[in-house]
1. Tally the residues that are surrounded by 15 or more Cβ atoms within 10 Å (Cβ to Cβ), out of contact with any Ser or Thr (no Cβ under 7 Å at 6 or more places or on another chain) and farther than 18 Å from LEU181 by Cα, restricting the search to the range 115-141.
2. Quick check: anything in the range 216-230 aromatic (Phe, Trp, Tyr), touching a residue at least 40 places away in the same chain (Cβ under 8 Å) and over 25 Å from LYS59 (Cβ atoms)?
3. Among the listed residues ASN227, ASN287, ASN242, ASN255, which satisfies the condition of being assigned to a helix (DSSP H, G or I), of a type in the set (S, T, N, Q) and modelled with pLDDT under 90?
4. Within the range 219-248, take every residue that is in contact with a Phe, Trp or Tyr (Cβ under 9 Å, 6 or more places away or on another chain) and farther than 21 Å from ASN143 by Cα and give me the one that is surrounded by the most Cβ atoms within 10 Å (Cβ to Cβ).
5. Would you pick out the residues in the range 62-80 that are in contact with a strand residue (DSSP E or B) (Cβ under 6 Å, 6 or more places away or on another chain), over 14 Å from ALA113 (Cβ atoms) and not in a loop (DSSP other than H, G, I, E, B)?
6. Within the range 175-199, how many residues are crowded, with 16+ Cβ neighbours inside 10 Å and either modelled with pLDDT under 85 or of a type in the set (Gly, Ala, Ser) (or both)?
7. Going through THR280, THR264 one at a time, which residue ends up being among the hydroxyl-bearing types (Ser, Thr, Tyr) and in contact with a helix residue (DSSP H, G or I) (Cβ under 9 Å, 6 or more places away or on another chain)?
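The values are calculated or read from the model by the stated rules, or taken from the named source; none is laboratory data. On a predicted model such as this, the values are computed, not experimentally measured, just so you know. All Cβ positions, even for glycine, are placed from backbone atoms using ideal geometry, and neighbour counts span all protein chains on display.
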Amino acid sequence: MASMKDIKRRRQSIQSTGQITKAMKLVSTVKLQKSKTRAEKSKPYFKHMYEAILAMLEKSGNIDHPYLKGDPTKKKAVIVITSNRGLAGGYNSNIVKLVMGSDIPKDDCVIYAVGKKGKETLARRGYTIAEDYSEVMGGPVFNDAIAIGRRVMQDFTDGKIGEIYLAYTEFKNTVSHIPTLLKLLPFSTSGEKQTEEEKADIDRLTLMNYEPEADEAIGQIIPRYINSLIYGGLTQAFASENGARMQAMDSATNNAEEMLSTLTLQYNRARQGAITQEITEIVGGANAIN
């Protein structure tokens, strides 16, 4: 059994750690309230933007535009959003696992890192880091999304990359955060298989008309689409980070309190044992004198 001195030293250490985790929980709670509001406000726009652009292009026929030409033989860009700090449970590791477990081979993957934790882990695993935007996670704003979007779109049009993906954590609620890998470009239409006659009927009835010309309209729409989805991913990830850290610190604080309770009981038992031993020695010494 540990001595009273060892137990007391350990109690002090755990008590100090518990105070730190409790303070970090309170800070994360305040940050969560602000980031949660932004994430909830931007989420409908994020969702409807993706659905609207996809539906628009499905009804546009064959448009020959550089933004819509993917090349599966070229590198694939993944915008990976993680945090700059740890102590957030499995928040960062879940995104890294998502990227590594995807169908994108490591040799064909180029990482545009937003967050130091994801960047450092993926770099250690041999992934190519094209750009680091870690400073964005101090408090993402729309201008940050524009800067990231401008770079990946430039690399896309220059032929350096053939596909663009976004890896982020979707914020469902305070306790539920879902790692998500979303393909931004090029578009892949999904849906039930249709006959040639059904396709012809749909194209004839719902063909999209553009004014001005389709090329000019697509050139204006797609960059805004990319920027909007990146910003949505940033706000979702930032809220998820603070939610995950709040949960992690809450669990750590509860564990510290349980350990303190156990150590207090051990300390009291050791103290009682020491007192009993002293009394026994005194009584034994008195009897020996008599």
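1. So in the range 115-141, the residues surrounded by 15 or more Cβ atoms within 10 Å (Cβ to Cβ) come out as 115-122, 127, 129-134, 136-137, 140.
Right, trim to out of contact with any Ser or Thr (no Cβ under 7 Å at 6 or more places or on another chain) and you get 120-122, 127, 129-134, 136.
The next check asks that each one be farther than 18 Å from LEU181 by Cα; those that pass are 120, 130-134, 136.
Of the residues in that region, 7 qualify.
2. In the first step, residues of the range 216-230 are kept if they are aromatic (Phe, Trp, Tyr); the result is 225.
Filter once more, keeping what is touching a residue at least 40 places away in the same chain (Cβ under 8 Å): 225.
Checking the rest, the ones that are also over 25 Å from LYS59 (Cβ atoms) come to none.
So far as the range 216-230 goes, no, none of its residues is aromatic (Phe, Trp, Tyr), touching a residue at least 40 places away in the same chain (Cβ under 8 Å) and over 25 Å from LYS59 (Cβ atoms).
3. So the residue among ASN227, ASN287, ASN242, ASN255 that is assigned to a helix (DSSP H, G or I), of a type in the set (S, T, N, Q) and modelled with pLDDT under 90 is ASN287.
4. GLY243
5. LYS75, LYS76
6. So the answer is 1.
7. THR264 is the lone residue from the list that is among the hydroxyl-bearing types (Ser, Thr, Tyr) and in contact with a helix residue (DSSP H, G or I) (Cβ under 9 Å, 6 or more places away or on another chain).
Quick grid of which residues meet (1) more than 20 Å from the chain's Cα centre (by Cα); (2) surrounded by 14 or more Cβ atoms within 10 Å (Cβ to Cβ); (3) at positive phi; (4) free of Cβ contacts under 8 Å to residues at least 24 places away in the same chain:
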| position | (1), (2), (3), (4) |
| --- | --- |
| SER28 | no, yes, no, no |
| LYS34 | no, no, no, yes |
| THR37 | no, no, no, yes |
| LEU57 | yes, yes, no, no |
| GLY70 | yes, yes, no, no |
| THR82 | no, yes, no, no |
| VAL96 | no, yes, no, no |
